[in-house]
Amino acid sequence: MNKISIETRLGKVIGTEEEGIRMFRGIPYAITERFELPKPYPKWDELDATGPEIDCIQHRTYHNEAGEFYHDEFRPGTLPGDWTFAESPMSLNIITRSDAEKDPVLVFIHGGSFENGCVGEDPYGTCTEYAKHNIVFISLGYRLNVFGLYKSGNYGLHDLVFGLRWIKEHIADYGGDPDKITIMGQSAGAMSVMDLMYTQTLRGVVKGAITMSGGGAVPDIVGPLTPEESDEIFWSKVREKAGAKSDAEFREMPAETIFEAWYSCARSIGTVRTQQPGIDGTIITKMPQQILREGSYLDVPVLAGVTSQDFMPYIIYDLAVAMGIMHDVHNHYPVWGYMFDRTPPGEKYKAFHAADLWYMFGNMDKSWRPFDEEDEKLKDEMVRYVANFVNYGNPNGGGLPYWPSLGLRRRKFRYFGDDDRRLVGPTMSRAKLWKTFLRDKGPM
């Protein structure tokens, strides 16, 4: 691996190059103070973008998570000191072919329940598969937990909007096409993609969206809270737990103090509605259900997926179907659905929540799992579908089996399973997912 440098409008950037692929790790795209909106990162004379990335303070900042399923799956053998954590974690990785010129761009937003996750985790952080398909791949970091959610301030979403605008403005310096940007997220990252589709702030910036285990039409019983509602239900309790007598005092307390108070309350009194972005009047202006019914959300083509042992597979499946119907009713761009049902080797769980990350990004050599030729074939197929989607706004083409979109009378999902690549309809899908929902859950 050789070091290389490129000239950008912000200054010289040092990265690495190997076998015709360039990697820039830990590029700062913004800076901020606690509970404030992101601001432009100052220009530099020379930036070392060979890593490490900067990630948001989270549980592993203060605690060793070795032995927990997802820690061992995505960051095995690492300790808190192996990562760089900060309250201003707005950094990104850019991976591109060495001679890229106006290549379309795929931007990935990691999951982690809006409370943890890192830009450079093993399944996706150094993904080179899309560069091989002439696509610029970006892993985008943002603020999490108390630092990203306090009083429905949606600081993490503001980071993502700022970052995507930064990408549109600067990606040409890295060989990307600013007019062909697709956003992609998994779990809370997929929910973030949906939140970004509720706003018009990214109109003209994003041309497509991919949601993995978290996208779809939000059910009526779930939705964001206003700052007043979230403060009464949750944040006042967090301040009390931290020993703060006022909002102003809380804002000045040490980072560890406010994080530990948030972490304790999140597990004792928190709900789904307090642990996700809220109505802030800027990005999320009203209930998503109303935006969806109006058809006033961002109109772009969408891929929406679910794994068969997902956290709530039956529900996530139905939400994706509902989104396809909604797009059809409003004559919007199509929605395509997939079900991932491959059992990764070396584990008792089947297609657990996030199992499709290894296949969607191809970093299988970084996993402890003994992936075989069939896994590689499935990975190649899934990457090719996504590459088609990023290039053309449609997953079909290149000799791949035909993948129909969803709609009022079209309910079939592309099946990525152990034995075949057929299409599956509602009867088979719901039977499989209902069984999982009741008896065959993955890791929680």
Single match in GLY243, GLY216 (criterion: at positive phi and outside the structural domain of ILE316 (by TED's automatic domain parsing)):
GLY243
For region 378-401, the count of residues that are part of a helix (DSSP H, G or I) and not hydrophobic (A, V, I, L, M, F, W, C) equals 8
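Return the residues of region 263-284 that are loosely packed, with under 15 Cβ neighbours inside 10 Å and either in a loop (DSSP other than H, G, I, E, B) or β-branched (Val, Ile, Thr) (or both); say none if nothing qualifies. Even if it seems obvious, please write down each step before you answer.
Keep residues of region 263-284 that are loosely packed, with under 15 Cβ neighbours inside 10 Å, which gives 267-269, 271-272, 281-282.
Of everything in region 263-284, those that are loosely packed, with under 15 Cβ neighbours inside 10 Å and either in a loop (DSSP other than H, G, I, E, B) or β-branched (Val, Ile, Thr) (or both) turn out to be ILE269, THR271, VAL272, GLY281, THR282.
Matching residues to (1) hydroxyl-bearing (Ser, Thr, Tyr); (2) closer than 16 Å to ALA30 by Cβ; (3) free of Cβ contacts under 8 Å to residues at least 12 places away in the same chain:
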position	(1), (2), (3)
THR128	yes, no, no
PHE147	no, yes, no
ASN154	no, yes, no
ALA172	no, no, no
GLY175	no, no, no
THR199	yes, no, no
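Kindly indicate whether any position in region 327-349 is among the polar types (S, T, N, Q), assigned by TED's automatic domain parsing to the domain that holds SER187 and surrounded by fewer than 18 Cβ atoms within 10 Å (Cβ to Cβ). Explain how you work it out, then say what you get.
Within region 327-349, the subset among the polar types (S, T, N, Q) is 331, 343.
Checking which are assigned by TED's automatic domain parsing to the domain that holds SER187 leaves us with 331, 343.
Narrowing further to those that are surrounded by fewer than 18 Cβ atoms within 10 Å (Cβ to Cβ): 331, 343.
Among the residues of region 327-349, at least one is among the polar types (S, T, N, Q), assigned by TED's automatic domain parsing to the domain that holds SER187 and surrounded by fewer than 18 Cβ atoms within 10 Å (Cβ to Cβ), which makes the answer yes.
Do we find a residue being acidic (Asp, Glu), within 23 Å of TYR155 (Cα to Cα) and at pLDDT 95 or above anywhere in region 38-48?
Quick first cut of region 38-48, residues acidic (Asp, Glu) only: 45-46, 48.
In the following step, the residues that additionally are within 23 Å of TYR155 (Cα to Cα) were identified as none.
No, region 38-48 has no match at all.
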Restricting region 200-251 to residues that are of a type in the set (S, T, N, Q) and buried (at least 20 other Cβ atoms within 10 Å of the Cβ), the one nearest to THR182 (Cα to Cα) turns out to be THR211
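If a residue must be in contact with a Pro (Cβ under 8 Å, 6 or more places away or on another chain) and either basic (Lys, Arg) or touching a residue at least 40 places away in the same chain (Cβ under 8 Å) (or both), how many such residues does region 362-384 contain? So that I can check it myself, show each step before the final result.
Taking region 362-384 and keeping what is in contact with a Pro (Cβ under 8 Å, 6 or more places away or on another chain), we get 363, 366-372, 375.
Narrowing further to those that are either basic (Lys, Arg) or touching a residue at least 40 places away in the same chain (Cβ under 8 Å) (or both): 363, 366-369.
So the answer is 5.
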Just checking, how many residues over region 170-190 are on the phi > 0 side of the Ramachandran plot and either touching a Lys or Arg at 6+ places or on another chain (Cβ under 9 Å) or in a helix (DSSP H, G or I) (or both)?
1
So LYS237, is it among the basic types (Lys, Arg) and either within 30 Å of LEU164 (Cα to Cα) or part of a helix (DSSP H, G or I) (or both)
yes
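The values are calculated or read from the model by the stated rules, or taken from the named source; none is laboratory data. Not measured: the values here are computed from a predicted model. Positions of Cβ are backbone-derived with ideal geometry, glycine not excepted, and every protein chain shown enters the neighbour counts.
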